[in-house]
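The values are calculated or read from the model by the stated rules, or taken from the named source; none is laboratory data. Predicted model only: the values in this text are computed from it and were never measured. Neighbour counts are summed over all protein chains in view; Cβ atoms, including those assigned to glycine, are modelled from backbone coordinates with ideal geometry. With ligands, DNA and RNA removed, areas are computed over all heavy atoms of the protein, side chains included. Shrake-Rupley method; radii C 1.70, N 1.55, O 1.52, S 1.80 Å.
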Amino acid sequence: MSFFQILITISILLLLVLINRSRAILFERMLFLLITLGGVYFVIFPESASRIATMVGIGRGADLVFYLFIIFSWFWFTSTSAKMRRTDRKLTEMVRANAVANPVFGMPTIAKKFR
Amino acid sequence: MNEKVTRANKRTLNLSQVWIVIPAYNEEESIGIVLDQFIDKDYSILVIDDCSKDKTSEVTLKYPVTLLKHMINLGQGAALQTGFDYIVQHTNAKYVVTFDSDGQHDVEDIPKILAPLTSGQYDAALGSRFLKPGNVDGIPWIKLFTLKAGVLFTRISTGLKVTDTHNGFRAFTIETLRKIHINQNRMAHASEILTQIAQNKLGYCEVPVTIRYTEYSKKKGQSIFNSLNILWDLLFGRD
């Protein structure tokens, strides 16, 4: 296992933990800014991706970009699903509050006394 | 403690302070049959319609019950918690029994499941279909296998020595209900309740109950594959 493979594995796991912990939107924005700037940089200087890839022991620049793409997709997926879970929870609370506030009573006159 | 128990025993139980919570989703065929069984009983009934697409609410309102309606479908766990919230906030309930709306539970089992609570011995009583021999006769073997796997998983994750984890027939004291909060909106709530019983160190016992595996309940019941969804919710559904 090369140094870069270890690094990339650790960073994937770290991202997962970070996403689940932090609710800070600033962190996400900085990361997306970084991705955008990095993307532009690699487009303007295509050979730089290969240089960095050789430096960290991956070989091809395309592979480096591919790995980064996977990491950032994971980041996007986990942060979005965490957000969805929070929204779901708020929605549940709203639906519940509405239900509890509006009880309907069935047929109070027949059968048994109702308290 | 002993003195308290004797005092509790001497007081006769006012059955209207026993609330039966029945979550229902698309049960127009069976909810009437279930509520018919309660007609000559004095229990208070609370039905939660989890945004059914059929006439569940209309059928329910022909009976002397309280009905709560979810505006959107949230799942059985959410429906139960809605019922618990209502009971804790708006009633003078002493005991709460959860009961399925598909007709697989027997009303005559309710005094049996209440007995361990009214005696003051336990905080929660859980129905088990496996404690009574010959009780699971109509059960398909694949369902039996899935249920047993669920039991094993729960025993390992909560440390509780239970024999049946996915049984909707349970009874709680009102104090217990204040300590429990279901966050699992769908079916994983069964294990979640047990987890919270373990975390709060509540006294619990199992009570043998009859489960009727009718064609209807088999059709309406959980598919085997949903057990994988439940497992996923338990492992990754925490927020």
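The table that follows gives values for the structure above.
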read-out: Single condition A:Pro108 does not satisfy, out of (1) more than 19 Å from the chain's Cα centre (by Cα); (2) modelled with pLDDT of 85 or more; value: (2)
read-out: Hits in segment A:72-108 - residues which are touching a helix residue (DSSP H, G or I) at 6+ places or on another chain (Cβ under 8 Å) and assigned to a helix (DSSP H, G or I); value: A:Phe72, A:Trp74, A:Phe75, A:Thr78, A:Ser79, A:Ala82, A:Thr92, A:Val95, A:Arg96, A:Ala99, A:Val100
read-out: Test: residue in segment A:33-53 that is more than 16 Å from the chain's Cα centre (by Cα), modelled with pLDDT of 75 or more and of a type in the set (Lys, Arg); value: yes
read-out: Some residue of segment B:31-47 being part of a loop (DSSP other than H, G, I, E, B) and within 27 Å of B:Ile230 (Cα to Cα); value: no
read-out: Selection count where residues are in contact with a Leu (Cβ under 9 Å, 6 or more places away or on another chain) and polar (S, T, N, Q), scope segment B:57-78; value: 3
read-out: Selection from segment A:59-84 of residues that are open to solvent by 70 Å² or more (accessible area, probe 1.4 Å) and within 12 Å of another protein chain (Cβ to nearest Cβ); value: A:Lys83, A:Met84
read-out: So B:Ile193, is it β-branched (Val, Ile, Thr), at pLDDT 75 or above, within 25 Å of A:Ala82 (Cα to Cα) and not in a strand (DSSP E or B); value: yes
read-out: Those helices (runs of 4 or more DSSP H) lying entirely in segment B:108-182 with at least 2 residues among the hydroxyl-bearing types (Ser, Thr, Tyr) and open to solvent by 10 Å² or more (accessible area, probe 1.4 Å); value: B:141-158
read-out: Boolean, B:Phe130 is within 26 Å of A:Arg96 (Cα to Cα) and among the aromatic types (Phe, Trp, Tyr); value: no
read-out: Yes/no for B:Val97 being buried (at least 21 other Cβ atoms within 10 Å of the Cβ) and either assigned to a loop (DSSP other than H, G, I, E, B) or within 11 Å of chain A (Cβ to nearest Cβ) (or both); value: no
read-out: In segment B:166-190, residue modelled with the lowest pLDDT [restricted to those that are touching a strand residue (DSSP E or B) at 6+ places or on another chain (Cβ under 7 Å) and polar (S, T, N, Q)]; value: B:Asn167
read-out: B:Ala93 of a type in the set (A, V, I, L, M, F, W, C) and farther than 23 Å from B:Ile211 by Cβ; value: yes
read-out: Residues of segment A:87-101 classified as facing chain B (nearest Cβ under 7 Å) and either open to solvent by 70 Å² or more (accessible area, probe 1.4 Å) or modelled with pLDDT under 90 (or both), total; value: 1
read-out: Failed condition for B:Phe153, given (1) out of contact with any Ser or Thr (no Cβ under 7 Å at 6 or more places or on another chain); (2) over 21 Å from B:Asn185 (Cβ atoms); value: (2)
read-out: Residues that are more than 7 Å from every other protein chain (Cβ to nearest Cβ) and open to solvent by 10 Å² or more (accessible area, probe 1.4 Å), drawn from segment B:76-85; value: B:Gln76
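Condition check ((1) in contact with a helix residue (DSSP H, G or I) (Cβ under 7 Å, 6 or more places away or on another chain); (2) surrounded by fewer than 24 Cβ atoms within 10 Å (Cβ to Cβ)) across all residues:
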| position | (1), (2) |
| --- | --- |
| B:Pro23 | yes, no |
| B:Asn26 | yes, yes |
| B:Glu29 | yes, yes |
| B:Asp40 | no, yes |
| B:Tyr43 | yes, yes |
| B:Ser52 | no, yes |
| B:Ser57 | no, yes |
| B:Thr60 | yes, no |
| B:His70 | yes, yes |
